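One structure below.
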Amino acid sequence: MKSALNLDQFRTAFHAGGFQSIVLTAMGGQFYVTAQPLNGGRITLATTHGKKLRAFRNPAKAIEVLHRIGAHKVEIDTSAWSPAQAGAESRKRPDTAERQRRAHQAVAHDAWFREQVALAVAEADNPQSEWFSQEEMKGMSALHRAAWLGAARERAVV
């Protein structure tokens, strides 16, 4: 039997009655879910793709995962736990603040954009709105462009 199983495999083995016991084992500042299969040995819960062992910084999260799969009796071994190491092993994510700032900006821009669209729709629905043909708009745009270019030339000369 493999020495590491992803959550789906672990759940299947558990529901098939393949484990004698499940232990939440601490190593340093992290916790690992291990199980003793009926045929001996030890199996550890792995990440989704099964490439690395699944480490929990918070034992409550590990217990929650086990409870969801139906494992209501779990042993906890904290003999190798180091609370000091737990703080040192916490994830450092310097990019989190920047990512959150961009997310908040995106939400604010989305709200502003939706408000502008709602205002435009309300204005278009207003029976007193003044409508211009494409030719009239092209003429007004040309006048605005000429005025802008003239002002830009005057600033360049000064």
Q) If you go through the stretch 48-63 one residue at a time, do you hit one that is surrounded by fewer than 17 Cβ atoms within 10 Å (Cβ to Cβ), out of contact with any Cys (no Cβ under 8 Å at 6 or more places or on another chain), at pLDDT below 90 and among the hydroxyl-bearing types (Ser, Thr, Tyr)? A) yes
Q: List every residue pair whose Cβ atoms lie under 7 Å apart, where the two residues are 6 or more positions apart in sequence or sit on different chains, the first residue falls within the stretch 29-50 and is of a type in the set (Lys, Arg), and the second residue, located anywhere, is surrounded by fewer than 17 Cβ atoms within 10 Å (Cβ to Cβ) and modelled with pLDDT of 90 or more.
A: Arg42/Gln36
Q. Any chance the stretch 120-139 includes a residue that's basic (Lys, Arg), assigned to a helix (DSSP H, G or I) and over 30 Å from Leu24 (Cα atoms)?
A. yes
Q | Hits in the stretch 1-36 (condition: β-branched (Val, Ile, Thr) and surrounded by 14 or more Cβ atoms within 10 Å (Cβ to Cβ)) | A | Ile22, Val23, Thr25, Val33, Thr34
Q.
Taking the criterion of being farther than 30 Å from Ile22 by Cα, hydroxyl-bearing (Ser, Thr, Tyr) and either modelled with pLDDT of 95 or more or surrounded by 10 or more Cβ atoms within 10 Å (Cβ to Cβ) (or both), would at least one residue in the stretch 137-151 satisfy it?
A. yes
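The values are calculated or read from the model by the stated rules, or taken from the named source; none is laboratory data. Keep in mind that this is a model prediction, so the values were computed, not measured. Virtual Cβ from ideal backbone geometry, glycine too; neighbours counted across all protein chains shown.
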